[in-house]
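The values are calculated or read from the model by the stated rules, or taken from the named source; none is laboratory data. Because the structure is predicted, anything quoted here is derived from the model rather than measured. Ideal geometry is used to build each Cβ from the backbone, glycine not excepted, and the neighbour counts take in all protein chains shown. Only protein heavy atoms, including side chains, enter the accessible area calculation; ligands, DNA and RNA are left aside. Shrake-Rupley method; radii C 1.70, N 1.55, O 1.52, S 1.80 Å.
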Amino acid sequence: MVKTSEHSRIAWVDYAKGICIILVVMMHSTLGVEKAAATLTWLHPFIDWAKPFRMPDFFLISGLFLSSRINKDWRTYFDTKVLHFAYFYILWMTIQAFTKDVGILRSEGFSSFAFNYLQGFYEPYGTLWFIYLLAIFFVVTKAMLRVPPLLVFTAAALLEIAPVATGFMVIDEFASRYVYFFAGYWMAKQILQFADNVKTRTLAEIAVGLCVWGVGNFAFVHTGLASWPVLSLVLGFVGASAVVSAGVFLSKTNMAGAIRYCGQNSIVIYLSFSLFMAATRTVVLKTAPGLDLGIVSLLATIAGVTGPILLFWVTRNTKFAFLFRRPEWSKLEKPVKRWHSASYVKQLNSEIR
């Protein structure tokens, strides 16, 4: 691929991740408002419409560039693909526990609070289940590196079709989502080529294709067929392809930089959106009880997206940077000091000559 094509691929990936993280925040915001108000909002049909592809695409893109790192030694791989996510999971699980579970501490005592907290180490805590699963996906994929990819993909597809419903989130979500992550890794070249092919189409052609897909997806969701075995798998991949196409569309227009920025900082938003979302929901419902619940959901969504970004900006150059930037003490692989680097000394000598 030429350099410009590579840059365009990066652009659509950011846009696609931005679409996904905004949809995730909107889902939790809407469901949270509906639970608090004990009624559905006018946003609920849209949340249902996005369900077939919202998380499949997120996992597919998460595995997209794994091939460049999967052959690294286990120590390096474990540090960057497991401990990295474990650090943020434990940190934000702790933060959320002491901000959201204070009621348990007050009403049921420290033992109940501690049990609920410790449970998060084997049963993913709240909205943080995505990064919990990512760490597992990275380990499983590397562990099965010598297994024929088609066999792994087939087994993962059968798990999604099953469907598996044990009541344990790790097992159930693994069965439902791993096929998309593995497909992103195994079919990366095909996905990137698909994006390049979409890029050759006109904006009108892409828009028409997305509209046709959107109507078809709505029909399957509205009739209840979207949850049927096999169909759910097909709709997941078709929907993921549509989000890729939407990412390409936005990269061609270059008119939605905010969405791309959200994609570039999707983990920042994912880690902390629930705090801003819940706070906004509580305040708005109490101070404006007559406000349309759909509007309340949108306000909570906006807070859930912008709040983490603002927090990141405020803390990134302070002692609180550890909230979104993993500190050196938590890494197995320590950075080599430039003045101790042989390659750097060699480069310096050549420049002096």
Pairs beyond 31 Å (Cα-Cα), from 17/331; 35/189; 81/319; 51/81: 35/189
HN-Hα J in Hz across the stretch 13-19 - Karplus 6.51, -1.76, 1.60, θ = phi - 60°, x for Gly and Pro: 4, 4, 5, 5, 5, x, 4
Run the dipole for the stretch 1-139 about the Cα centre, Lys and Arg Cβ at +1, Asp and Glu Cβ at -1, nothing else charged, and hand back the magnitude in debye, nearest 20. 300 debye
So residue 145 and residue 285, fully extended at 0.36 nm per residue minus their Cα-Cα distance, gain in nm 45.4 nm
Can you pull the accessible area of residue 68 for me, 1.4 Å probe, Å² to the nearest 10? 90 Å²
Accessible-area ranking of 293, 133, largest first, probe 1.4 Å: 293, 133
Per residue of the stretch 185-192, what does 6.51 cos²θ - 1.76 cosθ + 1.60 with θ = phi - 60° give for ³J(HN,Hα)? Whole Hz please, x for Gly and Pro, Karplus curve as stated. 6, 6, 9, 4, 4, 5, 5, 5
What percent do you get for the relative contact order of the stretch 81-219 when only Cα pairs under 8 Å and 6+ apart count? 21 percent
So, for the stretch 76-233, what is the accessible surface per residue at a probe of 1.4 Å, expressed in square angstrom? 52 Å²
Can you give me the C-alpha center-to-center distance between the stretch 110-158 and the stretch 284-314, rounded to a whole angstrom? 30 Å
Amide H within-cut-off set for residue 65, under 5 Å, with H built and near neighbours excluded: none
Report ³J(HN,Hα) in whole Hz for each residue of the stretch 93-101, in order, from the Karplus equation J = 6.51 cos²θ - 1.76 cosθ + 1.60 where θ = phi - 60°; Gly and Pro get x. 5, 5, 4, 5, 4, 7, 10, 9, 9
Once you have a ≥ b ≥ c as the square roots of the Cα gyration tensor eigenvalues for the stretch 45-151, tell me rounded if a/c is under 1.5, and otherwise prolate or oblate according to whether a/b is larger than b/c. oblate
Which value in deg cm²/dmol, rounded to the nearest 500, describes the helix-derived mean residue ellipticity at 222 nm for the chain, given -39,500 (n - 2.57) per DSSP H run of n ≥ 4 and division by the residue count? -24500 deg cm²/dmol
How much FRET efficiency would the formula 1/(1 + (r/R0)^6) give for residue 322 and residue 264, where r is the Cβ-Cβ distance and R0 is 22 Å, rounded to 0.05? 0.65
Sorting 283, 152 on solvent-accessible surface, 1.4 Å probe, most exposed first, gives 283, 152
